[in-house]
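Contents: one structure, followed by commentary.
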Amino acid sequence: MFRYVRPRDLDEAVAALAAGGDSASLLAGGTDLLVSMRQGLVAPAVVIGIRGLPELNGIGPHGEDPLRIGAGIALTDLAEHPIIVARYPALAQAARSVGSRHVRNMATLGGNLRLPTRCWYTNQSENWRASRIPCWKTDGGLCHVIKTSTTCRAINSSDTAPALLALDARLEAVSVRGRREVALADFYNDDGVNHTTLASDEIITAVLLPAARVRTLFTKATARTGLDYGYGTLAAAVTGSNRAIRSARIVAGSVGSWPVLLAHAGAIIVERGLNESAIADAAAAAREDLGEVANLFSPPGYKKRLVRGLVLQVLEQLRRQKLPVD
Amino acid sequence: MADRQFITLTVNGDRHRVPVAVQDTLVDVLRNRLGLMGTKRGCTSGACGVCTVQGDDGRAVLACLSLAVEWDGRALTTIEGVATPAGLHPVQQAFLEFGAVQCGACTPGLIMTAKALLDTNPNPDEADINEALAGALCRCTGHIKVKEAVRQAILRMAAATTEEPDGRTEG
């Protein structure tokens, strides 16, 4: 059984995490950790309760950063915050699409950003897993989904990750070794087992966002309207007018072990503007950026066709949106 | 047991000092230590909502995904604390009138979900109601009668607030 510790501040929390090492788990909302513990996917020796730590709270401009969001914010509060709703709608939409309202009342932004990857073969009971040959994620040497894969292909189902990657966010992480910032673009690995570059002694403390003069949108394709992990998600952020697009960041989520920046699609929009023919070509080009896709939770070939459809849908909606004003 | 400790928990206004094991979830403590069996243990993965309770901010939270030790010093409301000596809560009354019940297993969770919605948003629209109820499932029938009941409860509570400035609802 694990030991539970409740640090009073961030210093105590990072000290406890450094002492616990790989056998420590952070507990904030608990909506993923408790399920993973029940399924025997993690068995921490120490659980560090960081819910409500003052250093993880707060949202607003901070120093040089136009917006700093404490990683401990509940997804409900993130989705309803007036600044987020008005200026970073893709993030509000992404936060709102996680789980149910009950879950969002508990789950935090930091937790969603480091959500463990999921797979139909591992996210099951221990007995279920025991009836299969172990895979890359369960200390074995194969992938049940893509037989030829030399790495784990479990899916990163975070909804806030693609939205924040489209918004070009940075993360702040703190450990006993100090504080560092990392671009979200450098935070994830295309590996279902080691899916983030976060060190085992680091806590995500905040998300830092650039000034928002962008049109942004997030959408999520699910089996049902509520509660599901996505078959695929798409987030996009564009700056400039339709004829003179200055930047276009288009990101597909829930299609691989990391959120995928659709660089070819974005380059087409920047080069040719946001118009029907460019959008159609960008949607077709998304396939190149996706690479090999594990069609977990969906039929073969589905996800590539889905992403094409999502790019069309999101860019067409953005094209019709009014330009943001200050 | 060495991993047992006491927590102070205020449930429905009553303060309890309860021994808990570190791995106990809030629903374990409510049911097994305090005998409050209205809060159910269902999917234990955040999908069904039968363990819904209201935290001290009025929001719906899942008692099966909360470690009891994390609730030390906090207050919550369970289904047992919803009715008053004066009578049923408008949400409960509306569930009765609209027959928004079949086997009943999901009913406490649905009522807590609806109450949390109305406590945090007195005038929810259709989308708000759907969004809230998406986290509390009924497997017998569906959500139509539940939604009718919630809409009725909204009207009742709004009327009661207008009639009685102190916000009490009719008995």
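The values are calculated or read from the model by the stated rules, or taken from the named source; none is laboratory data. The structure displayed is predicted, hence computed values, not measured ones. Here the Cβ positions follow ideal geometry from the backbone for every residue, glycine too, while neighbour counts run over all protein chains shown. Protein only, heavy atoms only, side chains kept; ligands, DNA and RNA dropped before computing areas. Shrake-Rupley method; radii C 1.70, N 1.55, O 1.52, S 1.80 Å.
Check whether at least one residue in the stretch A:62-78 is open to solvent by 50 Å² or more (accessible area, probe 1.4 Å) and either within 30 Å of A:His144 (Cβ to Cβ) or acidic (Asp, Glu) (or both), and report yes or no. Yes, because at least one residue in the stretch A:62-78 is open to solvent by 50 Å² or more (accessible area, probe 1.4 Å) and either within 30 Å of A:His144 (Cβ to Cβ) or acidic (Asp, Glu) (or both). Among the residues making up the stretch A:114-123, those that are open to solvent by 30 Å² or more (accessible area, probe 1.4 Å) and modelled with pLDDT of 90 or more are A:Arg114, A:Pro116, A:Arg118. Scanning the stretch B:27-40 for residues that are surrounded by 17 or more Cβ atoms within 10 Å (Cβ to Cβ) and under 13 Å from the mean Cα position of the chain (by Cα) gives B:Val27, B:Leu30, B:Leu36, B:Gly38, B:Thr39, B:Lys40. Contact annotation: residue pairs with Cβ atoms under 9 Å, 6 or more positions apart or on different chains, pairing a residue in the stretch A:1-21 that is closer than 10 Å to A:Asp201 by Cβ with a partner that is polar (S, T, N, Q) and part of a strand (DSSP E or B), are A:Val14/A:Ser175; A:Leu17/A:Ser175; A:Ala18/A:Ser175. Kindly provide the set of residues from the stretch B:106-145 that are more than 13 Å from chain A (Cβ to nearest Cβ), of a type outside the set (D, E, K, R), over 17 Å from the mean Cα position of the chain (by Cα) and farther than 16 Å from B:Leu96 by Cα, ordered by number. Correct list: B:Asn123, B:Cys140. With respect to the conditions (1) in contact with an Asp or Glu (Cβ under 8 Å, 6 or more places away or on another chain); (2) of a type outside the set (Val, Ile, Thr); (3) within 14 Å of chain A (Cβ to nearest Cβ); (4) within 30 Å of A:Ala43 (Cβ to Cβ), B:Leu9 falls short on a single one, namely (3).
Rundown of residues vs (1) facing another protein chain (nearest Cβ under 9 Å); (2) surrounded by fewer than 17 Cβ atoms within 10 Å (Cβ to Cβ); (3) not in a strand (DSSP E or B), yes/no style:
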position	(1), (2), (3)
A:Tyr4	yes, no, no
A:Val14	no, no, yes
A:Gly30	yes, no, yes
A:Met37	yes, no, yes
A:Val47	yes, no, no
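Here B:Gln93 meets the list (1) closer than 19 Å to A:Arg104 by Cβ; (2) out of contact with any Leu (no Cβ under 6 Å at 6 or more places or on another chain) almost entirely, failing just condition (1). Restricting the stretch A:277-321 to residues that are assigned to a helix (DSSP H, G or I), in contact with a Phe, Trp or Tyr (Cβ under 8 Å, 6 or more places away or on another chain) and not aliphatic (A, V, I, L, M), the residue that is surrounded by the fewest Cβ atoms within 10 Å (Cβ to Cβ) is A:Tyr302.
Residue count for the stretch A:1-59, restricted to those that are in the same structural domain as A:Glu172 (by TED's automatic domain parsing) and in contact with an Asp or Glu (Cβ under 6 Å, 6 or more places away or on another chain): 0.
On the basis of being among the basic types (Lys, Arg), under 22 Å from the mean Cα position of the chain (by Cα) and away from chain B (no Cβ under 13 Å), does A:Arg68 make the cut?
On the way: among the basic types (Lys, Arg): yes; under 22 Å from the mean Cα position of the chain (by Cα): yes; away from chain B (no Cβ under 13 Å): yes.
Taking the combined requirement at face value, the residue satisfies it.
Among the listed residues B:Ala100, B:Ala136, which satisfies the condition of being of a type in the set (A, V, I, L, M), touching a residue at least 40 places away in the same chain (Cβ under 8 Å) and over 29 Å from A:Gly49 (Cα atoms)? Reasoning before the result, please.
Numbers: B:Ala136 fails: over 29 Å from A:Gly49 (Cα atoms).
Sole residue among the options that is of a type in the set (A, V, I, L, M), touching a residue at least 40 places away in the same chain (Cβ under 8 Å) and over 29 Å from A:Gly49 (Cα atoms): B:Ala100.
Where residues in the stretch A:79-99 are more than 14 Å from chain B (Cβ to nearest Cβ) and of a type in the set (A, V, I, L, M, F, W, C), which of them is surrounded by the fewest Cβ atoms within 10 Å (Cβ to Cβ)? So, considering only residues that are more than 14 Å from chain B (Cβ to nearest Cβ) and of a type in the set (A, V, I, L, M, F, W, C), the one surrounded by the fewest Cβ atoms within 10 Å (Cβ to Cβ) is A:Ala86.
Restricting to the stretch A:221-243, and then to whatever is part of a strand (DSSP E or B) and either surrounded by 21 or more Cβ atoms within 10 Å (Cβ to Cβ) or without any contact (Cβ under 8 Å) to a residue 12 or more places away in the chain (or both), can you tell me which residue is nearest to the other protein chains (Cβ to nearest Cβ)? Here the answer is A:Thr233. Annotation: A:His81 fulfils all but one of (1) in contact with a strand residue (DSSP E or B) (Cβ under 7 Å, 6 or more places away or on another chain); (2) within 23 Å of A:Pro210 (Cβ to Cβ); (3) at pLDDT below 95; the unmet one is (3). For the stretch A:103-113, which positions are crowded, with 24+ Cβ neighbours inside 10 Å and either closer than 15 Å to A:Pro162 by Cα or of a type in the set (Ser, Thr, Tyr) (or both)? Across the stretch A:103-113, the qualifying residues are A:Thr108, A:Leu109, A:Gly110, A:Gly111, A:Asn112. Yes or no: A:Val103 among the aliphatic types (A, V, I, L, M), closer than 19 Å to A:Ile50 by Cα and in a helix (DSSP H, G or I)? Answer is yes for this residue. Of all residues in the stretch B:30-70, those satisfying the criterion of being more than 11 Å from A:Leu34 (Cβ to Cβ), hydrophobic (A, V, I, L, M, F, W, C) and touching a residue at least 40 places away in the same chain (Cβ under 8 Å) are B:Leu30, B:Leu36, B:Ala47, B:Cys48, B:Val50, B:Cys51, B:Val53, B:Ala60, B:Ala68, B:Val69.
Applying the criterion of being of a type in the set (S, T, N, Q) and modelled with pLDDT of 90 or more to the residues of the stretch B:112-171, the residue that is nearest to A:Thr225 (Cα to Cα) is B:Asn130. Restricting the stretch B:19-65 to residues that are touching a Ser or Thr at 6+ places or on another chain (Cβ under 8 Å) and closer than 13 Å to B:Ile7 by Cα leaves a set whose member that is nearest to the other protein chains (Cβ to nearest Cβ) is B:Thr25.
Working only within the stretch A:244-276, note down all residues that are assigned to a loop (DSSP other than H, G, I, E, B) and open to solvent by less than 50 Å² (accessible area, probe 1.4 Å).
At the first step, the residues of the stretch A:244-276 found to be assigned to a loop (DSSP other than H, G, I, E, B) are A:244, A:254-259, A:262, A:273-275.
Correct list: A:Ser254, A:Val255, A:Gly256, A:Ser257, A:Pro259, A:Leu262, A:Gly273, A:Leu274.
You will find that of A:Thr160, A:Thr138, the residue that is buried (at least 24 other Cβ atoms within 10 Å of the Cβ) and polar (S, T, N, Q) is A:Thr160 and no other.
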